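Below is one structure, written out as structure tokens, with a few remarks after it.
The values are calculated or read from the model by the stated rules, or taken from the named source; none is laboratory data. Computed from a prediction, not measured in an experiment: that's the story for all the values here. As a convention, Cβ positions derive from the backbone with ideal geometry for all residues, glycine included, and neighbour counts pool all protein chains shown.
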Amino acid sequence: MKTKLITVFASLVGLLVVCSPMFAHHGSASYDDSKAVVLKNVTVTKVNWGNPHTLLLFDAKDDQGNVKHWVAEANAGSAISASGWTRTAIQPGDTVTVVLYAARNGQPIGRVGKVVLANGKEFGDGSLIGDRPSVCDQDFGNGGNESAACRPDGRKTNNKE
């Protein structure tokens, strides 16, 4: 019985060690933030609305006319909805312009800076904003510790203000 308990415990610890990288969050370091890439007249193939990122899948023709299948990640649906980008705003088959920051490894993967619909409506401002606001406001609600970096004095709250 004791051996069985130790085996189960060791297995759980091993599983946690192996799986812990899945819980780590990444930044935008894998994208070339020195220049935005503008891809015009691309055809949306799928929009995967969700957390932690919304994925925009689309086909774009390169300079030789070959179609490349791109995957670009945007922020979570809850974050991008503030710009008016809703679950149904962009549909498969739509022709859009995508401003993105491409992967440093040359793969057709990127981080969305802005999407412009055929009617001119824009979602995003073109900047590589990562997962936190690029510009912090002076006014905070119950922001807690994540907002501390944006506070003028860096203070933390107890969420009871």
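Things to note:
- The criterion of being loosely packed, with under 13 Cβ neighbours inside 10 Å and modelled with pLDDT of 95 or more does not hold for THR86.
- Check on VAL99, surrounded by 14 or more Cβ atoms within 10 Å (Cβ to Cβ), modelled with pLDDT of 90 or more and touching a strand residue (DSSP E or B) at 6+ places or on another chain (Cβ under 9 Å): yes
- Residue in region 102-141 that is modelled with the highest pLDDT, counting only those that are surrounded by 13 or more Cβ atoms within 10 Å (Cβ to Cβ) and among the acidic types (Asp, Glu): GLU122
- In the set (1) at pLDDT 90 or above; (2) within 14 Å of the chain's Cα centre (by Cα); (3) surrounded by fewer than 12 Cβ atoms within 10 Å (Cβ to Cβ); (4) of a type in the set (A, V, I, L, M), ALA29 fails one condition alone, (1).
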